[in-house]
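*Asks:* Let me give you the structure first, and then I'll get to my questions.
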Amino acid sequence: MTTDVFIADAVRTPIGKYAGGLAKVRPDDLAAGTLKSLLARNPGLDPARVDDVVLGDANGAGEDNRDVARMATLLAGLPVSVPGSTVNRLCGSGMEAVIGASRAVAVGDASICVAGGVESMTRAPWVLPKPDHAFDRAHETLHSTTLGWRMVNPLMPEQWTVSLGEATEILADKHGIGREAQDAFAAGSHHKAAAAWEKGVFADEIVPAPGAELERDETIRPDTSVEKLARLKPAFRPDGTITGGNASPLNDGAAALLIADQAGIDSFGGRPLARIAARAAHGVEPQFFGIGPVEAANRALARAGIGWSDLSVVELNEAFAAQSLACLQLWPELDPTIVNPNGGAIAIGHPLGCSGARILGSLAWELHRRGGGWGLAAICIGVGQGLAVVLEA
(Lines give C-alpha, C1' and ligand atoms only; values in the text may rest on other atoms or scores of the structure.)
Protein backbone atom coordinates (compact mmCIF):
# COMPACT_ATOMS: atom_id res chain seq x y z
CA MET A 1 0.00 0.00 0.00
CA THR A 2 1.44 3.34 -1.03
CA THR A 3 0.42 6.91 -0.31
CA ASP A 4 0.06 9.87 -2.65
CA VAL A 5 3.18 11.98 -3.07
CA PHE A 6 3.10 15.68 -3.89
CA ILE A 7 5.42 18.45 -5.01
CA ALA A 8 4.71 21.17 -2.45
CA ASP A 9 7.15 23.76 -3.80
CA ALA A 10 9.90 24.06 -6.40
CA VAL A 11 12.72 26.56 -6.83
CA ARG A 12 15.73 27.03 -9.04
CA THR A 13 18.52 29.49 -9.60
CA PRO A 14 18.79 31.39 -12.84
CA ILE A 15 20.89 29.25 -15.16
CA GLY A 16 24.35 30.64 -15.82
CA LYS A 17 26.39 30.22 -18.98
CA TYR A 18 29.80 28.57 -18.96
CA ALA A 19 32.29 30.96 -17.32
CA GLY A 20 29.41 33.37 -16.80
CA GLY A 21 27.38 34.80 -13.94
CA LEU A 22 27.64 31.76 -11.66
CA ALA A 23 31.26 30.89 -12.45
CA LYS A 24 32.53 31.96 -9.04
CA VAL A 25 29.93 29.99 -7.07
CA ARG A 26 30.88 26.55 -5.83
CA PRO A 27 28.35 23.79 -6.63
CA ASP A 28 27.83 22.96 -2.96
CA ASP A 29 27.03 26.63 -2.32
CA LEU A 30 24.68 26.70 -5.32
CA ALA A 31 22.77 23.73 -3.93
CA ALA A 32 22.78 25.11 -0.38
CA GLY A 33 21.29 28.36 -1.66
CA THR A 34 18.27 26.58 -3.12
CA LEU A 35 17.76 24.64 0.12
CA LYS A 36 17.84 27.86 2.14
CA SER A 37 15.37 29.53 -0.21
CA LEU A 38 13.02 26.56 -0.14
CA LEU A 39 12.91 26.63 3.65
CA ALA A 40 12.52 30.41 3.77
CA ARG A 41 9.51 30.17 1.46
CA ASN A 42 7.88 27.63 3.78
CA PRO A 43 8.31 29.17 7.25
CA GLY A 44 5.89 26.71 8.84
CA LEU A 45 8.23 23.83 8.04
CA ASP A 46 10.50 22.83 10.91
CA PRO A 47 13.78 21.92 9.14
CA ALA A 48 14.25 19.06 11.60
CA ARG A 49 11.17 17.41 10.07
CA VAL A 50 12.91 16.95 6.72
CA ASP A 51 13.54 13.21 6.52
CA ASP A 52 16.16 13.34 3.76
CA VAL A 53 17.78 15.58 1.19
CA VAL A 54 18.48 13.87 -2.16
CA LEU A 55 20.37 15.73 -4.89
CA GLY A 56 21.45 14.74 -8.35
CA ASP A 57 24.95 15.59 -9.55
CA ALA A 58 26.47 14.31 -12.78
CA ASN A 59 30.11 15.13 -12.09
CA GLY A 60 31.23 14.71 -8.51
CA ALA A 61 34.89 15.11 -9.41
CA GLY A 62 35.55 18.54 -7.94
CA GLU A 63 34.00 20.78 -5.28
CA ASP A 64 30.88 18.60 -5.52
CA ASN A 65 32.79 15.57 -4.21
CA ARG A 66 32.07 13.65 -0.98
CA ASP A 67 28.27 13.69 -1.24
CA VAL A 68 27.33 17.21 -2.31
CA ALA A 69 23.80 16.73 -0.92
CA ARG A 70 25.13 16.25 2.59
CA MET A 71 27.52 19.18 2.16
CA ALA A 72 24.71 21.43 0.93
CA THR A 73 22.47 20.36 3.80
CA LEU A 74 25.13 21.35 6.32
CA LEU A 75 25.99 24.59 4.50
CA ALA A 76 22.30 25.52 4.38
CA GLY A 77 22.11 25.32 8.18
CA LEU A 78 19.72 22.38 8.45
CA PRO A 79 20.06 20.35 11.65
CA VAL A 80 22.87 17.82 11.51
CA SER A 81 20.21 15.14 12.05
CA VAL A 82 18.93 15.73 8.49
CA PRO A 83 20.81 13.33 6.18
CA GLY A 84 21.77 13.89 2.55
CA SER A 85 22.33 11.55 -0.37
CA THR A 86 23.76 12.27 -3.82
CA VAL A 87 22.64 10.27 -6.87
CA ASN A 88 24.15 10.11 -10.34
CA ARG A 89 22.21 9.21 -13.48
CA LEU A 90 24.19 11.72 -15.55
CA CYS A 91 21.81 14.17 -17.30
CA GLY A 92 18.86 12.62 -15.46
CA SER A 93 20.38 12.94 -11.98
CA GLY A 94 18.05 15.70 -10.77
CA MET A 95 14.99 13.78 -11.91
CA GLU A 96 16.36 10.57 -10.41
CA ALA A 97 16.71 12.39 -7.07
CA VAL A 98 13.04 13.39 -7.16
CA ILE A 99 12.01 9.88 -8.18
CA GLY A 100 13.97 8.35 -5.29
CA ALA A 101 12.64 10.80 -2.73
CA SER A 102 9.06 10.32 -3.96
CA ARG A 103 9.37 6.55 -3.63
CA ALA A 104 10.58 6.91 -0.04
CA VAL A 105 7.52 9.02 0.75
CA ALA A 106 5.18 6.71 -1.16
CA VAL A 107 6.16 3.64 0.88
CA GLY A 108 6.17 5.47 4.21
CA ASP A 109 9.93 5.64 4.78
CA ALA A 110 9.65 9.44 4.78
CA SER A 111 6.98 12.11 5.01
CA ILE A 112 8.93 15.20 3.89
CA CYS A 113 12.00 15.25 1.63
CA VAL A 114 13.89 17.81 -0.40
CA ALA A 115 15.06 16.61 -3.80
CA GLY A 116 16.77 18.34 -6.70
CA GLY A 117 20.07 18.70 -8.45
CA VAL A 118 23.12 20.84 -9.02
CA GLU A 119 25.90 21.25 -11.56
CA SER A 120 28.69 23.70 -12.16
CA MET A 121 30.08 22.78 -15.55
CA THR A 122 32.30 25.84 -15.35
CA ARG A 123 34.03 24.60 -12.21
CA ALA A 124 34.28 20.93 -13.24
CA PRO A 125 37.96 20.09 -12.78
CA TRP A 126 40.56 18.28 -14.83
CA VAL A 127 41.47 14.91 -13.37
CA LEU A 128 44.77 13.09 -13.51
CA PRO A 129 44.67 9.27 -13.37
CA LYS A 130 47.24 7.51 -11.25
CA PRO A 131 49.97 5.75 -13.29
CA ASP A 132 49.92 1.99 -13.52
CA HIS A 133 53.33 1.77 -11.85
CA ALA A 134 54.99 3.73 -9.09
CA PHE A 135 57.40 6.51 -10.06
CA ASP A 136 56.36 6.44 -13.72
CA ARG A 137 58.53 8.86 -15.74
CA ALA A 138 56.15 9.16 -18.72
CA HIS A 139 53.87 12.11 -19.43
CA GLU A 140 50.34 11.88 -18.08
CA THR A 141 47.12 13.31 -19.52
CA LEU A 142 44.69 15.57 -17.68
CA HIS A 143 41.07 14.79 -18.55
CA SER A 144 38.35 17.45 -18.52
CA THR A 145 35.29 16.42 -16.53
CA THR A 146 33.02 19.13 -17.96
CA LEU A 147 31.13 16.84 -20.35
CA GLY A 148 31.25 13.48 -22.06
CA TRP A 149 33.40 10.37 -22.11
CA ARG A 150 36.84 10.28 -20.47
CA MET A 151 39.14 7.42 -19.46
CA VAL A 152 37.01 5.08 -21.58
CA ASN A 153 37.12 1.40 -20.75
CA PRO A 154 38.76 -0.34 -23.75
CA LEU A 155 36.22 -3.17 -23.48
CA MET A 156 33.44 -0.77 -24.56
CA PRO A 157 32.48 -1.16 -28.25
CA GLU A 158 33.61 1.86 -30.28
CA GLN A 159 30.11 2.58 -31.58
CA TRP A 160 28.93 3.10 -27.99
CA THR A 161 31.58 5.63 -27.03
CA VAL A 162 31.16 8.28 -29.73
CA SER A 163 30.70 11.87 -28.55
CA LEU A 164 27.25 13.15 -27.69
CA GLY A 165 27.37 15.37 -30.76
CA GLU A 166 28.34 12.55 -33.11
CA ALA A 167 25.63 10.36 -31.56
CA THR A 168 23.11 13.09 -32.33
CA GLU A 169 24.36 13.28 -35.92
CA ILE A 170 23.72 9.54 -36.16
CA LEU A 171 20.22 10.08 -34.79
CA ALA A 172 19.54 12.95 -37.20
CA ASP A 173 20.58 10.72 -40.13
CA LYS A 174 18.50 7.82 -38.89
CA HIS A 175 15.34 9.91 -38.51
CA GLY A 176 15.83 12.22 -41.48
CA ILE A 177 16.04 15.40 -39.39
CA GLY A 178 17.71 18.17 -41.38
CA ARG A 179 19.52 21.34 -40.41
CA GLU A 180 16.63 23.69 -41.16
CA ALA A 181 14.21 21.79 -38.89
CA GLN A 182 16.79 21.77 -36.10
CA ASP A 183 17.48 25.50 -36.39
CA ALA A 184 13.75 26.28 -36.45
CA PHE A 185 13.24 24.23 -33.30
CA ALA A 186 16.17 25.99 -31.59
CA ALA A 187 14.95 29.46 -32.54
CA GLY A 188 11.51 28.59 -31.19
CA SER A 189 13.04 27.54 -27.88
CA HIS A 190 14.77 30.92 -27.50
CA HIS A 191 11.69 32.90 -28.48
CA LYS A 192 9.41 31.02 -26.08
CA ALA A 193 11.89 31.33 -23.19
CA ALA A 194 12.39 35.06 -23.81
CA ALA A 195 8.61 35.60 -23.92
CA ALA A 196 8.18 33.63 -20.68
CA TRP A 197 10.70 35.85 -18.89
CA GLU A 198 9.01 39.00 -20.20
CA LYS A 199 5.63 37.75 -18.93
CA GLY A 200 7.04 36.89 -15.50
CA VAL A 201 6.30 33.18 -15.94
CA PHE A 202 9.39 32.08 -14.00
CA ALA A 203 8.83 34.46 -11.08
CA ASP A 204 7.40 31.71 -8.85
CA GLU A 205 10.39 29.41 -9.20
CA ILE A 206 13.47 31.65 -9.45
CA VAL A 207 15.56 32.25 -6.32
CA PRO A 208 18.91 34.06 -6.14
CA ALA A 209 22.17 32.19 -6.33
CA PRO A 210 24.45 32.98 -3.38
CA GLY A 211 27.31 35.34 -4.11
CA ALA A 212 26.11 36.15 -7.62
CA GLU A 213 24.11 38.96 -9.19
CA LEU A 214 22.61 36.90 -11.99
CA GLU A 215 18.86 37.56 -12.20
CA ARG A 216 17.86 35.78 -15.43
CA ASP A 217 18.79 32.72 -17.42
CA GLU A 218 21.97 33.74 -19.17
CA THR A 219 21.95 31.84 -22.48
CA ILE A 220 18.58 32.95 -23.88
CA ARG A 221 18.97 34.83 -27.18
CA PRO A 222 15.68 36.62 -27.90
CA ASP A 223 16.91 38.05 -31.20
CA THR A 224 18.07 34.79 -32.74
CA SER A 225 16.47 33.49 -35.93
CA VAL A 226 16.66 30.57 -38.32
CA GLU A 227 18.68 32.78 -40.65
CA LYS A 228 21.24 33.63 -37.95
CA LEU A 229 21.49 30.03 -36.80
CA ALA A 230 22.01 28.88 -40.38
CA ARG A 231 25.32 30.79 -40.50
CA LEU A 232 26.90 28.66 -37.77
CA LYS A 233 29.36 25.95 -38.77
CA PRO A 234 28.73 22.29 -37.90
CA ALA A 235 30.44 21.35 -34.65
CA PHE A 236 31.04 17.62 -35.03
CA ARG A 237 31.18 16.77 -38.74
CA PRO A 238 32.39 19.00 -41.59
CA ASP A 239 29.12 18.29 -43.41
CA GLY A 240 27.01 17.76 -40.28
CA THR A 241 23.85 19.43 -39.03
CA ILE A 242 24.59 19.86 -35.31
CA THR A 243 25.90 23.30 -34.31
CA GLY A 244 26.42 25.29 -31.16
CA GLY A 245 23.12 27.00 -31.96
CA ASN A 246 20.85 23.94 -32.14
CA ALA A 247 22.36 22.19 -29.12
CA SER A 248 22.09 22.98 -25.44
CA PRO A 249 25.00 25.02 -24.01
CA LEU A 250 27.27 24.27 -21.05
CA ASN A 251 25.76 25.70 -17.86
CA ASP A 252 25.73 26.13 -14.09
CA GLY A 253 22.67 25.98 -11.83
CA ALA A 254 20.71 24.28 -9.07
CA ALA A 255 17.10 23.32 -8.36
CA ALA A 256 15.25 21.97 -5.33
CA LEU A 257 11.75 20.55 -4.84
CA LEU A 258 9.83 19.99 -1.62
CA ILE A 259 8.37 16.47 -1.74
CA ALA A 260 5.80 15.37 0.85
CA ASP A 261 2.72 13.29 1.59
CA GLN A 262 -0.50 15.01 2.62
CA ALA A 263 0.27 14.67 6.32
CA GLY A 264 3.65 16.29 5.76
CA ILE A 265 2.13 19.18 3.82
CA ASP A 266 -0.53 19.68 6.48
CA SER A 267 2.16 19.81 9.17
CA PHE A 268 3.64 23.03 7.77
CA GLY A 269 0.51 24.56 6.26
CA GLY A 270 1.63 24.04 2.68
CA ARG A 271 -0.27 23.28 -0.50
CA PRO A 272 0.31 20.72 -3.23
CA LEU A 273 1.43 22.05 -6.59
CA ALA A 274 1.11 18.65 -8.24
CA ARG A 275 0.88 14.94 -7.48
CA ILE A 276 3.61 12.60 -8.72
CA ALA A 277 1.47 10.06 -10.54
CA ALA A 278 4.02 7.77 -12.21
CA ARG A 279 7.71 7.30 -12.97
CA ALA A 280 9.70 5.20 -15.43
CA ALA A 281 13.24 4.59 -16.68
CA HIS A 282 14.43 2.91 -19.86
CA GLY A 283 17.70 2.08 -21.59
CA VAL A 284 18.78 2.11 -25.25
CA GLU A 285 22.06 1.62 -27.09
CA PRO A 286 24.44 4.38 -25.92
CA GLN A 287 24.80 5.98 -29.37
CA PHE A 288 21.01 6.38 -29.50
CA PHE A 289 20.84 8.07 -26.08
CA GLY A 290 18.68 10.87 -27.50
CA ILE A 291 15.61 8.64 -27.83
CA GLY A 292 16.02 7.22 -24.32
CA PRO A 293 12.95 9.16 -23.08
CA VAL A 294 10.63 7.64 -25.70
CA GLU A 295 9.88 4.32 -24.03
CA ALA A 296 10.34 5.79 -20.54
CA ALA A 297 7.50 8.22 -21.27
CA ASN A 298 5.32 5.50 -22.80
CA ARG A 299 5.72 3.39 -19.67
CA ALA A 300 5.12 6.29 -17.28
CA LEU A 301 1.89 7.21 -19.06
CA ALA A 302 0.71 3.60 -18.93
CA ARG A 303 1.46 3.42 -15.21
CA ALA A 304 -0.51 6.64 -14.67
CA GLY A 305 -3.41 5.15 -16.61
CA ILE A 306 -3.53 7.96 -19.17
CA GLY A 307 -2.59 8.57 -22.80
CA TRP A 308 -0.87 11.30 -24.79
CA SER A 309 -4.18 13.03 -25.49
CA ASP A 310 -4.75 13.51 -21.75
CA LEU A 311 -1.68 15.72 -21.33
CA SER A 312 -1.87 19.49 -21.04
CA VAL A 313 1.90 20.17 -20.93
CA VAL A 314 5.08 18.26 -21.72
CA GLU A 315 8.56 19.30 -20.58
CA LEU A 316 11.13 17.54 -22.77
CA ASN A 317 14.73 18.39 -21.98
CA GLU A 318 16.36 19.74 -25.11
CA ALA A 319 19.85 18.30 -25.13
CA PHE A 320 19.89 18.82 -28.91
CA ALA A 321 17.21 19.95 -31.34
CA ALA A 322 17.68 16.79 -33.42
CA GLN A 323 17.32 14.60 -30.34
CA SER A 324 14.12 16.37 -29.29
CA LEU A 325 12.67 16.16 -32.80
CA ALA A 326 13.47 12.44 -32.95
CA CYS A 327 11.50 11.90 -29.74
CA LEU A 328 8.56 13.90 -31.09
CA GLN A 329 8.68 11.83 -34.28
CA LEU A 330 8.38 8.67 -32.18
CA TRP A 331 5.45 10.07 -30.18
CA PRO A 332 2.99 10.57 -33.08
CA GLU A 333 0.03 10.99 -30.71
CA LEU A 334 1.65 13.93 -28.90
CA ASP A 335 0.55 17.43 -29.91
CA PRO A 336 3.92 19.24 -30.38
CA THR A 337 2.35 22.59 -29.50
CA ILE A 338 2.12 21.59 -25.82
CA VAL A 339 5.84 20.78 -25.59
CA ASN A 340 8.08 23.23 -23.71
CA PRO A 341 5.63 26.17 -23.79
CA ASN A 342 8.17 28.36 -21.99
CA GLY A 343 11.23 27.27 -23.92
CA GLY A 344 13.68 24.49 -23.20
CA ALA A 345 17.30 23.69 -22.48
CA ILE A 346 18.62 24.96 -25.83
CA ALA A 347 17.69 28.44 -24.60
CA ILE A 348 17.43 28.13 -20.82
CA GLY A 349 20.46 25.88 -20.41
CA HIS A 350 21.38 22.36 -19.36
CA PRO A 351 23.42 22.17 -16.13
CA LEU A 352 23.53 18.38 -16.17
CA GLY A 353 22.68 17.33 -12.61
CA CYS A 354 20.15 20.12 -12.22
CA SER A 355 18.14 19.78 -15.43
CA GLY A 356 15.82 16.92 -14.52
CA ALA A 357 14.75 18.69 -11.36
CA ARG A 358 14.50 22.00 -13.23
CA ILE A 359 12.01 20.68 -15.80
CA LEU A 360 9.96 18.91 -13.13
CA GLY A 361 9.69 22.11 -11.09
CA SER A 362 8.79 24.14 -14.16
CA LEU A 363 6.16 21.56 -15.13
CA ALA A 364 4.58 21.63 -11.66
CA TRP A 365 4.37 25.43 -11.71
CA GLU A 366 2.95 25.49 -15.24
CA LEU A 367 0.21 23.01 -14.32
CA HIS A 368 -0.54 25.07 -11.21
CA ARG A 369 -0.85 28.26 -13.27
CA ARG A 370 -3.27 26.52 -15.60
CA GLY A 371 -5.45 25.41 -12.73
CA GLY A 372 -4.72 21.71 -13.09
CA GLY A 373 -4.26 18.96 -15.65
CA TRP A 374 -1.83 16.22 -16.53
CA GLY A 375 1.82 16.83 -17.38
CA LEU A 376 4.86 14.81 -18.39
CA ALA A 377 8.55 15.57 -17.87
CA ALA A 378 11.10 13.51 -19.81
CA ILE A 379 14.87 13.64 -20.23
CA CYS A 380 17.50 11.83 -22.30
CA ILE A 381 20.66 10.63 -20.63
CA GLY A 382 24.17 10.01 -21.95
CA VAL A 383 25.26 6.36 -22.28
CA GLY A 384 21.76 5.48 -23.44
CA GLN A 385 19.01 6.02 -20.87
CA GLY A 386 15.83 8.00 -20.40
CA LEU A 387 13.60 9.03 -17.50
CA ALA A 388 10.02 10.25 -17.36
CA VAL A 389 7.66 11.44 -14.62
CA VAL A 390 3.92 12.09 -14.88
CA LEU A 391 2.37 14.84 -12.74
CA GLU A 392 -1.27 15.63 -12.02
CA ALA A 393 -2.41 18.98 -10.66
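The values are calculated or read from the model by the stated rules, or taken from the named source; none is laboratory data. Because the structure is predicted, anything quoted here is derived from the model rather than measured. Quick reminder, even Gly has a Cβ in these numbers, built from the backbone with ideal geometry, and neighbours come from all protein chains shown. When the accessible area is computed, the model is the full protein with side chains, heavy atoms only, and any ligands, DNA or RNA have been set aside. Shrake-Rupley method; radii C 1.70, N 1.55, O 1.52, S 1.80 Å.
*Asks:* Applying the selection to region 256-275, what residues are within 24 Å of the chain's Cα centre (by Cα) and not in a loop (DSSP other than H, G, I, E, B)?
*Replies:* Once the filter is applied, which keeps residues that are within 24 Å of the chain's Cα centre (by Cα) and not in a loop (DSSP other than H, G, I, E, B), region 256-275 yields A256, L257, L258, I259, A260, A274, R275.
*Asks:* Out of the residues in region 135-174 meeting the condition of being small (G, A, S) and either surrounded by 10 or more Cβ atoms within 10 Å (Cβ to Cβ) or touching an Asp or Glu at 6+ places or on another chain (Cβ under 8 Å) (or both), tell me which one is farthest from C327 (Cα to Cα).
*Replies:* The residue in question is S144.
*Asks:* Can I ask one more? Given the condition touching a helix residue (DSSP H, G or I) at 6+ places or on another chain (Cβ under 9 Å), in contact (Cβ under 8 Å) with a residue 12 or more places away in the chain, closer than 30 Å to S362 by Cα and not acidic (D, E), answer yes or no: does some residue in region 135-146 qualify?
*Replies:* Scanning region 135-146 turns up no residue that is touching a helix residue (DSSP H, G or I) at 6+ places or on another chain (Cβ under 9 Å), in contact (Cβ under 8 Å) with a residue 12 or more places away in the chain, closer than 30 Å to S362 by Cα and not acidic (D, E).
*Asks:* Let me ask another. Residues of region 295-327 being open to solvent by 20 Å² or more (accessible area, probe 1.4 Å), closer than 13 Å to L376 by Cα, touching a helix residue (DSSP H, G or I) at 6+ places or on another chain (Cβ under 9 Å) and of a type in the set (A, V, I, L, M, F, W, C), which ones?
*Replies:* Selection gives A304, W308.
*Asks:* Restricted to region 1-22, and to residues that are part of a loop (DSSP other than H, G, I, E, B) and small (G, A, S), which residue is surrounded by the most Cβ atoms within 10 Å (Cβ to Cβ)?
*Replies:* G21
Results for (1) part of a helix (DSSP H, G or I); (2) of a type in the set (A, V, I, L, M, F, W, C), shown as yes or no for each residue.
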{"residue": "E140", "(1), (2)": "no, no"}
{"residue": "L147", "(1), (2)": "no, yes"}
{"residue": "R150", "(1), (2)": "no, no"}
{"residue": "V162", "(1), (2)": "no, yes"}
{"residue": "Q182", "(1), (2)": "yes, no"}
{"residue": "D217", "(1), (2)": "no, no"}
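*Asks:* Here's something else I'd like to know. Quick check on region 328-344: of everything there that is touching a helix residue (DSSP H, G or I) at 6+ places or on another chain (Cβ under 6 Å) and part of a helix (DSSP H, G or I), which residue is least open to solvent (accessible area, probe 1.4 Å)?
*Replies:* Of everything passing the filter in region 328-344, L328 is least open to solvent (accessible area, probe 1.4 Å).
*Asks:* If you scan region 293-323, which residues turn out to be farther than 20 Å from A184 by Cβ and either assigned to a loop (DSSP other than H, G, I, E, B) or aromatic (F, W, Y) (or both)?
*Replies:* Correct list: G305, I306, G307, W308.
*Asks:* A further question on this structure: Suppose we filter E205, E213, E218 for residues that are at pLDDT 95 or above, open to solvent by 10 Å² or more (accessible area, probe 1.4 Å) and within 19 Å of the chain's Cα centre (by Cα); which single one remains?
*Replies:* Answer to the check: E218.
*Asks:* Sticking with this one: For region 38-79, name all the residues that are in a loop (DSSP other than H, G, I, E, B), under 22 Å from T122 (Cα atoms) and touching a Cys at 6+ places or on another chain (Cβ under 8 Å).
*Replies:* Once the filter is applied, which keeps residues that are in a loop (DSSP other than H, G, I, E, B), under 22 Å from T122 (Cα atoms) and touching a Cys at 6+ places or on another chain (Cβ under 8 Å), region 38-79 yields only A58.
*Asks:* F288 passes all but one of (1) in contact with a strand residue (DSSP E or B) (Cβ under 8 Å, 6 or more places away or on another chain); (2) hydrophobic (A, V, I, L, M, F, W, C); (3) open to solvent by 30 Å² or more (accessible area, probe 1.4 Å); (4) in a helix (DSSP H, G or I); which number fails?
*Replies:* Only one criterion is unmet by F288, namely (1).
*Asks:* Which members of region 213-235 meet the condition of being of a type in the set (A, V, I, L, M, F, W, C) and either farther than 23 Å from L22 by Cβ or out of contact with any helix residue (DSSP H, G or I) (no Cβ under 7 Å at 6 or more places or on another chain) (or both)?
*Replies:* Passing the criteria: L214, V226, L229, A230, L232, A235.
*Asks:* Next question, about the same structure. Report, by residue number, each residue of region 175-185 that is surrounded by 23 or more Cβ atoms within 10 Å (Cβ to Cβ) and closer than 16 Å to G290 by Cα.
*Replies:* The answer is I177, Q182, F185.
*Asks:* Additional query: Can you pull out the residues in region 50-88 that are charged (D, E, K, R) and open to solvent by 20 Å² or more (accessible area, probe 1.4 Å)?
*Replies:* D51, D52, E63, R66, D67, R70
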